[in-house]
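J.: This is the structure I have questions about; it appears just below.
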Amino acid sequence: MKYVTLILFFALLGCKSVHPTHQQNVEDAITKNALQLLKDKRFHSVSIAVLKDGKSTIQHFGELTIGKGNKPDDSTLYELASVTKTFTGYIAAKAVLDQKIHLEDDIRIYLNEPYPNLAFKGEPIRIKHLITHTSGFPNFPIKSENKKAFFEGLKLIKIETKPGEVYSYSNTAPELTAYILEKVYQKPFEELVTEFILKPNNMNQTKFTLTENDRTRLVKGYNDKNELMPNFNRTLWGGISGLHSTTTDLVKYMKLQLDPSNPIVKESHKKLYKEGSDFWEGYHWYIIENDHQLIYRHHGGIYGIQNWLVIYPKQNMGISILTNTSFNETGDILEKVVDNLYDDIMKTKK
């Protein structure tokens with residue numbers, strides 16, 4: 001009996017040591033890559049969250065204000081910028097499943113005026129074109145000071161390519177998507193995000209509208225000249241940008257995106273437009289799939305803030321990286337950090 005007890009004791013001891021070791025490896029990989037990034041003096045802080053096999057690791061480095069030593073933490077609020085589009089895509093996917101909209105719908109059936117200009121040689125812009133950046137819309141809305149002006153700007157658009165044939169990144173299209181979603185559900189877009197995504201996933205720190213207390217936690221970022229940049233001022237629906245979140249809430253969002261039983265997630269990850277040999281657009285997700293990997297990802301960049309959100313379903317892993325710096329090369333630099341971090345984590349797992 002004593003012999004059996006000893007075997008069980010050592011077996012349990014062995015099991016307990018496995019988790020901390022793996023967790024420590026993830027922490028070491030994050031630390032290594034974060035400190036490497038901060039060697040570039042244009043970067044001042046970085047927050048990294050990793051969700052692997054249901055276990056989260058979050059670490060923060062650097063300082064939010066130059067010279068103050070005020071390191072970010074789990075309560076720090078970051079602007080998600082264009083990562084907000086993935087939330088728009090999720091609600092669009094839900095609307096398709098709810099049969100509120102259809103991917104093949106001519107977008108003009110949801111508009112209050114004819115807009116004959118929103119077509120190319122009789123070929124209409126469809127819902128699927130809005131969410132895959134193939135509508136032919138300009139990058140930025142022609143008018144964006146308010147919602148009324150936005151629709152006036154739509155009348156000035158000239159579509160010069162057949163919808164669905166040419167990829168061209170557009171911040172105009174997702175705002176129109178948000179408006180359409182508002183119309184079919186008869187609720188403000190902000191409420192739709194809260195009702196369909198934030199509340200069900202207990203993302204209580206993710207929001208469009210901030211309180212005065214929230215603003216004390218909101219990151220103010222820098223450009224590459226160490227000049228303090230303003231925060232984004234949302235004037236439209238929020239389909240392109242405007243959400244703020246914390247690393248802890250982003251872990252919850254990654255958990256949602258890794259849930260294979262969620263039909264909305266499954267729909268939102270569908271490949272809707274093929275751009276390269278192994279590159280597709282889904283519902284505002286960029287999808288990479290080849291013999292070796294499957295990745296869903298999106299970049300967000302705004303004044304003074306940039307981030308990457310990357311989902312690896314085959315590895316049951318997600319990575320979020322956020323920094324209070326924004327300049328032309330920031331996105332490419334952060335992308336390399338994410339790739340290196342992924343490689344380091346997978347090496348330690350082996």
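The values are calculated or read from the model by the stated rules, or taken from the named source; none is laboratory data. Small disclaimer: the values here were computed from a predicted structure and weren't measured. Reconstructed Cβ throughout: ideal geometry from the backbone, glycine too, with neighbour counts over all protein chains shown. For accessibility, only protein heavy atoms count, side chains too; no ligands or nucleic acids. Shrake-Rupley method; radii C 1.70, N 1.55, O 1.52, S 1.80 Å.
J.: Looking only at the range 155-204, count how many residues are within 16 Å of the chain's Cα centre (by Cα) and closer than 18 Å to Tyr273 by Cα.
T.: 4
J.: Cβ-Cβ under 7 Å, sequence separation 6+ or interchain: first residue in the range 36-55 and without any contact (Cβ under 8 Å) to a residue 40 or more places away in the chain, partner surrounded by 17 or more Cβ atoms within 10 Å (Cβ to Cβ). Which pairs?
T.: Listed by first residue and then by second, the contacts come to Leu38/Val46; Leu38/Phe61; Leu38/Gly62.
J.: Just to check your reading of the model, which residue among Gly301, Gly276 is open to solvent by 20 Å² or more (accessible area, probe 1.4 Å), closer than 15 Å to Leu334 by Cα and either among the aromatic types (Phe, Trp, Tyr) or out of contact with any Cys (no Cβ under 8 Å at 6 or more places or on another chain) (or both)?
T.: Result of the check over Gly301, Gly276: Gly301.
J.: Might you check whether a residue that is within 25 Å of Lys55 (Cα to Cα), surrounded by fewer than 20 Cβ atoms within 10 Å (Cβ to Cβ) and not hydrophobic (A, V, I, L, M, F, W, C) occurs anywhere in the range 320-337?
T.: Within the range 320-337, one or more residues are within 25 Å of Lys55 (Cα to Cα), surrounded by fewer than 20 Cβ atoms within 10 Å (Cβ to Cβ) and not hydrophobic (A, V, I, L, M, F, W, C).
J.: Return yes or no: is Asp105 in contact (Cβ under 8 Å) with a residue 12 or more places away in the chain, of a type in the set (D, E, K, R) and open to solvent by less than 70 Å² (accessible area, probe 1.4 Å)? Spell out the reasoning first.
T.: Working: in contact (Cβ under 8 Å) with a residue 12 or more places away in the chain: yes; of a type in the set (D, E, K, R): yes; open to solvent by less than 70 Å² (accessible area, probe 1.4 Å): yes.
It is true that Asp105 is in contact (Cβ under 8 Å) with a residue 12 or more places away in the chain, of a type in the set (D, E, K, R) and open to solvent by less than 70 Å² (accessible area, probe 1.4 Å).
J.: Restricting to the range 256-273, what's the tally of residues that are surrounded by 15 or more Cβ atoms within 10 Å (Cβ to Cβ) and outside any loop (DSSP other than H, G, I, E, B)?
T.: Number satisfying all stated conditions: 7.
J.: Quick check on my filter: what residues within the range 279-295 are under 14 Å from the mean Cα position of the chain (by Cα) and either under 19 Å from Lys52 (Cβ atoms) or open to solvent by 50 Å² or more (accessible area, probe 1.4 Å) (or both)?
T.: Answer for the range 279-295, where residues must be under 14 Å from the mean Cα position of the chain (by Cα) and either under 19 Å from Lys52 (Cβ atoms) or open to solvent by 50 Å² or more (accessible area, probe 1.4 Å) (or both): just Ile295.
J.: Now, a different point. Looking for something touching a strand residue (DSSP E or B) at 6+ places or on another chain (Cβ under 7 Å), more than 28 Å from Asp74 (Cα to Cα), modelled with pLDDT of 95 or more and of a type in the set (A, V, I, L, M, F, W, C) - is there at least one such residue anywhere in the range 267-274?
T.: Yes: one or more hits.
J.: Cβ-Cβ distance below 8 Å, separation of 6 or more or different chains: which pairs start in the range 313-327 with a residue that is part of a strand (DSSP E or B) and end on one that is open to solvent by 30 Å² or more (accessible area, probe 1.4 Å)?
T.: Close Cβ pairs (under 8 Å, with a partner that is open to solvent by 30 Å² or more (accessible area, probe 1.4 Å)) amount to Met317/Asp53; Met317/Tyr342; Gly318/Lys255; Ile319/Tyr342; Thr325/Arg42; Thr325/Asp224.
J.: Quick one: what pairs do we get from the range 193-221, first residue closer than 30 Å to Asp98 by Cβ, second open to solvent by 80 Å² or more (accessible area, probe 1.4 Å), C-beta under 8 Å, 6+ apart or different chains?
T.: Leu198/Asn204; Asn201/Lys255
J.: I've got another one for you. Quick one: how many residues across the range 214-244 are assigned to a loop (DSSP other than H, G, I, E, B), basic (Lys, Arg) and open to solvent by 80 Å² or more (accessible area, probe 1.4 Å)?
T.: 2
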